[in-house]
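**Student:** The following block contains the structure, expressed as structure tokens.
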Amino acid sequence: MSDTGTVVPRLGCKNLGLGVGLRTVHFPYLLEHWPAVDWFEIISENFIDSRGRPRYVLDMLAERYPLVMHGVSLSIGSTDPLNFDYLGRLKRLADAVRPGWISDHLCWTGVLGLNAHDLLPVPFNEETLAHVVERIRVVQDFLERPLVLENPSSYVTFRSSTMSEWEFLGRMADESDCGLLLDVNNVYVSSVNHDFDPVEYLDNIPHRRVVQCHLAGHTHCVTHLIDTHDRQVTDPVWELYRRAHRLTGGVSTLLEWDASIPPFPVVHAEVLKAREYLSSDGETMPAGRRAAADTSDVPQPVENQGNGAGGAPVHDPAVPHPLHLVGREVQ
Amino acid sequence: MDFEPRNHKTLPLAVVQGWMQAVIMHPDGIEAGIESPDAQRHLVVGLDDCESVIAPSRNLTGLERLSIYHNAYFARLLECMRSIYPAVARTLGDEAFDSLALGYLQAYPSRSYTLDRLGHNFAQFLDETRPDRDDAGQPTEEWPDFLLELARLEWAISEVFDGPGSENQHTLGAEDLLAVDPERWPELRLVAAPSLRTMAFRFPVNDYFTELRGLPPETDVPPLPSSGPSWLALSRRDFVVRRHDLESAQYELLTALIVGQTVGTAIAAIVAAADTSVLDLLAVQLRDWFRAWTAAGFFVAVEQVSD
């Protein structure tokens, strides 16, 4: 897809550099060390109602670092009415912390008043497109700023889809004038799960509308991939990121790590690998990485895959994100 | 919504979403979900033609692909429930807790944009589903009451942790109280810190909670305590929830002050309830209690009651 020349790259949003997803387990480290991090992305829902430590720490960080608000509950693709109570709270938080932009996902999280707390996929067809575009316009008017939407990882495709995900994203962004958060790991995960070519995907989205990239680790479950955010970024994803960087001209990039979260310096070091990848020529992997290349994306034995007989599975180690509950501190 | 498609390529979005949600949230699995009345209400599809809605991939059938969402829904929310109710979960053991939590998620599925409210009705659910009721509906065992009280404590901790606090406010110290003319105390009101709350239990819940937290992860849980009343105050300081054991009279006094009674009225109530032989002791105790409570930051202001 070729971009229209009238679109300002990244919707005018700055390239913030290489950032890290803010997680509560890192609060003590951040407040003690104030590490040199380009920017943080917050999970909006962890803060919009907080009147305790999460909000206190956020206000401190907002004074020192650029922030971006990333949500998981907008449910832009749902056929339920938009939740203006939620949107109002989102807007109030944005007014307070002045994020670079507000993002969420192209997904639905529930209908009929329920919330599955998952990023559920939509069928890619004209009906969904018209529905989502209209809702993006309403949300953008309400928030008085552009919305940036991310491609989620997905595990099913619908017979009622009539177009590719990348065509849908491109038309959605152009028709609603929204931005895109290109999650390169999600592109890769979905490409394996849905048997498409991730390079074709990257080549055919409107690159000027890409405001931000996400990087994360996933779990290989032999027959499919799960977007677990619990490990390092794999080499195929880094390769796609290098391509995305070239196509977009470079955009704000953020690493998400949501389960088995290591100490902050480890997470930060992971996103900083982007510099090595971008400075290498594509044929040569960064030093120290080639030895790991053949083993970084090998299948992991996974318990409880498939439908557990007679009931819901428990303790399945490969759970797609998001799981965003702030841990309680009590003495 | 009763939609019986001839061609699943043209399924309305609302039908797809209502059907998929009913399927992946069904507690007995994908197959049971597809055949459930809730799913069939949206879309009449059987196990053999599920792939007329969900396409297969090279490696997985449509059913297998859908089951990933089913697995994720329950695994994610059960993990969340374990995080909100760690003491209840450990007391019951993983299997029993997950079974209860599954029932809870069916009875009270999330309707909020935030997972913080996921456990809001759990204590109520435990009461509604307690297995020891006799034919007249009356409880016959003590242990469900204990679990219910433990759940109430853990939910209160959650609410205090991220609710309003007084970290950015001046809290009254002992010197602030001493500066008040003693003659005026009876008509004054102490404004409690917004995080402060009191709880009364039929079991020594807080002692059990403390003991459980002190045990290494893999050790056996202590036996459930015998019934015996206990009282507790929860507060938050430096953004950490603090637990304060109370005596009965302390509970009565503090609760009265939190709801806005004057100091005079609140103290008169506990004096009236006390044995006359301990009134002198009570006078001494009151001074100690207020000293401890101000040190703990329980109050943020002294107010004159307006007529």
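What follows draws every value from the coordinates through simple rules; no lab data is involved. Please read all numbers here as calculations on a predicted model, not as lab measurements. Backbone-built Cβ (ideal geometry, glycine too); neighbour counts: all protein chains shown.
**Student:** Along the stretch B:296-305, what does the Karplus equation 6.51 cos²θ - 1.76 cosθ + 1.60 (θ = phi - 60°) give for ³J(HN,Hα), rounded to whole Hz, x for Gly and Pro?
**Tutor:** Those phi angles translate into 8, x, 6, 10, 10, 6, 10, 10, 7, 6 Hz.
**Student:** Please go through the stretch A:43-89 and write out the trypsin sites (Lys or Arg not before Pro) that DSSP classes as loop and that have at most 12 other C-beta atoms within 10 Å.
**Tutor:** A:Arg64
**Student:** Residue by residue through the stretch B:173-189, what is 3J(HN,Hα) from phi via Karplus (6.51 cos²θ - 1.76 cosθ + 1.60, θ = phi - 60°)? Round to whole Hz and write x for glycine and proline.
**Tutor:** Working through the residues one at a time gives x, 4, 5, 5, 6, 5, 6, 7, 4, x, 5, 8, 3, x, 8, 8, 10 Hz.
**Student:** A follow-up question, please. Work out which trypsin sites (Lys or Arg not before Pro) in chain B are exposed loop sites (DSSP not H, G, I, E or B, at most 13 other Cβ within 10 Å) and give the longest gap free of them.
**Tutor:** After excluding every exposed loop site, the longest remaining stretch is B:112-307.
**Student:** Would you work out which of A:Trp34, A:Val132, A:Ser50 lies farthest towards the positive end of the dipole of the stretch A:6-148? Charges go on Cβ: Lys and Arg +1, Asp and Glu -1.
**Tutor:** Final value for the positive-end residue is A:Trp34.
**Student:** Specify the residue with the greatest mean-square fluctuation among A:Glu144, A:Glu45, A:Glu270, computed from a Gaussian network of chain A linking alpha-carbon atoms under 10 Å apart.
**Tutor:** Among A:Glu144, A:Glu45, A:Glu270, the largest mean-square fluctuation in the Gaussian network model of chain A belongs to A:Glu144.
**Student:** So if I place +1 on the C-beta of Lys and Arg and -1 on the C-beta of Asp and Glu, and nothing else carries charge, what would the dipole magnitude of the protein assembly as shown be about its Cα centre? I want it in debye, nearest 20.
**Tutor:** Approximately 1660 debye in magnitude.
**Student:** Here is a further query. Can you give the Kirkwood hydrodynamic radius of the protein assembly as shown from its Cα pairs, in Å with one decimal?
**Tutor:** Result for the protein assembly as shown, one decimal place: 27.1 Å.
**Student:** Amide H of A:Leu255: which non-local residues (sequence gap of 5 or more, or other chain) have their own amide H closer than 5 Å, using H built in the peptide plane?
**Tutor:** A:Gly19, A:Val20, A:Gly21, A:Leu215
**Student:** Which value, in debye to the nearest 20, describes the size of the charge dipole of the stretch B:129-181 about its Cα centre when Lys and Arg Cβ atoms bear +1, Asp and Glu Cβ atoms bear -1, and nothing else is charged?
**Tutor:** It comes to approximately 140 debye.
**Student:** B:Phe299's amide H: which non-local residues (gap 5+, or another chain) put their own amide H closer than 5 Å, with H modeled 1.01 Å from N in plane and none for Pro or chain starts?
**Tutor:** Excluding prolines and chain starts, which carry no amide H, the hits are B:Leu172, B:Ala193.
**Student:** Same structure again: Divide the volume of the convex hull of the Cα atoms of the stretch B:60-178 by its number of residues and quote the answer in cubic angstrom per residue.
**Tutor:** Per residue, the Cα convex hull of the stretch B:60-178 comes to 183 Å³.
**Student:** For B:Ile54, what residues show an amide H to amide H distance below 5 Å, using hydrogens built from the backbone and excluding near sequence neighbours?
**Tutor:** Under 5 Å from the amide H of B:Ile54: A:Arg159.
**Student:** For the stretch B:156-254, state which GluC sites (Glu not before Pro) are in a DSSP loop and have at most 13 other beta carbons lying within 10 Å of their beta carbon.
**Tutor:** Loop-located and lightly packed - B:Glu218, B:Glu247.
**Student:** Can you list which of the GluC sites (Glu not before Pro) found in the stretch A:151-259 are DSSP loop residues with at most 14 other C-beta atoms within 10 Å?
**Tutor:** Taking the stretch A:151-259 and a limit of 14 other Cβ atoms within 10 Å, no loop GluC sites (Glu not before Pro) are found.
**Student:** Given the options B:Gln138, B:Gln250, B:Gln169, state which has the largest fluctuation in a GNM of chain B using a 10 Å cut-off (strictly under) for Cα springs.
**Tutor:** It is B:Gln138.
**Student:** Further question on the same structure: Counting only DSSP beta bridges with both residues in the protein assembly as shown, what percent are antiparallel, rounded to the nearest 5?
**Tutor:** For the protein assembly as shown, the DSSP antiparallel bridge percentage is about 45.
**Student:** Would you mind giving the three semi-axes, in whole Å and largest first, of the ellipsoid equivalent to chain B according to its Cα gyration tensor?
**Tutor:** That gives 52, 22, 17 Å for the three semi-axes.
**Student:** Could you tell me whether the stretch B:179-307 comes out rounded, prolate or oblate from its Cα gyration tensor? Rule is a ≥ b ≥ c as square roots of the eigenvalues, rounded for a/c under 1.5, then prolate if a/b exceeds b/c, otherwise oblate.
**Tutor:** Because a/c hits 1.5 or more and a/b exceeds b/c, the stretch B:179-307 counts as prolate.
**Student:** Could I ask something else about it? Based on the alpha-carbon gyration tensor of chain A and its eigenvalue square roots a ≥ b ≥ c, which shape applies: rounded if a/c is under 1.5, prolate if not and a/b is larger than b/c, or oblate?
**Tutor:** Here chain A falls in the rounded category.
**Student:** Once Lys and Arg get +1 and Asp and Glu get -1 on their Cβ, which of A:Val68, A:Gly110, A:Pro198 lies farthest toward the positive end of the dipole of the protein assembly as shown?
**Tutor:** It is A:Val68.
**Student:** Can you sort A:Met69, A:Met163 from fewest to most other Cβ atoms within 10 Å of each residue's own Cβ?
**Tutor:** Arranged by neighbour count, lowest to highest, A:Met69, A:Met163 become A:Met163, A:Met69.
**Student:** With θ taken as phi - 60° and the coefficients 6.51, -1.76 and 1.60, list the Karplus ³J(HN,Hα) couplings across the stretch A:122-139 in order, rounded to whole Hz; mark glycine and proline as x.
**Tutor:** 10, x, 8, 8, 5, 5, 4, 4, 4, 4, 5, 4, 4, 5, 4, 4, 4, 5
**Student:** Okay, next question. Taking chain A as a Gaussian network, where each spring joins two C-alpha atoms under 10 Å apart, which residue of A:Pro198, A:Pro123, A:Pro35 fluctuates the most?
**Tutor:** The residue with the greatest mean-square fluctuation here is A:Pro35.
**Student:** Could you tell me which of rounded, prolate or oblate describes the stretch B:196-254, using a ≥ b ≥ c as the square roots of the eigenvalues of the alpha-carbon gyration tensor, with rounded for a/c under 1.5 and, failing that, prolate when a/b is larger than b/c and oblate otherwise?
**Tutor:** oblate
**Student:** Treating the Cα atoms of the stretch A:1-109 as identical point scatterers in vacuum, please give the log10 of the normalised Debye intensity I(q)/I(0) at q = 0.11 Å⁻¹, two decimals.
**Tutor:** -0.41
**Student:** When only alpha-carbon atoms count, how far does the stretch A:110-212 stretch along each of its three principal axes, as whole angstroms with the largest first?
**Tutor:** For the stretch A:110-212, the Cα extents along the three principal axes come out at 37, 35, 24 Å.
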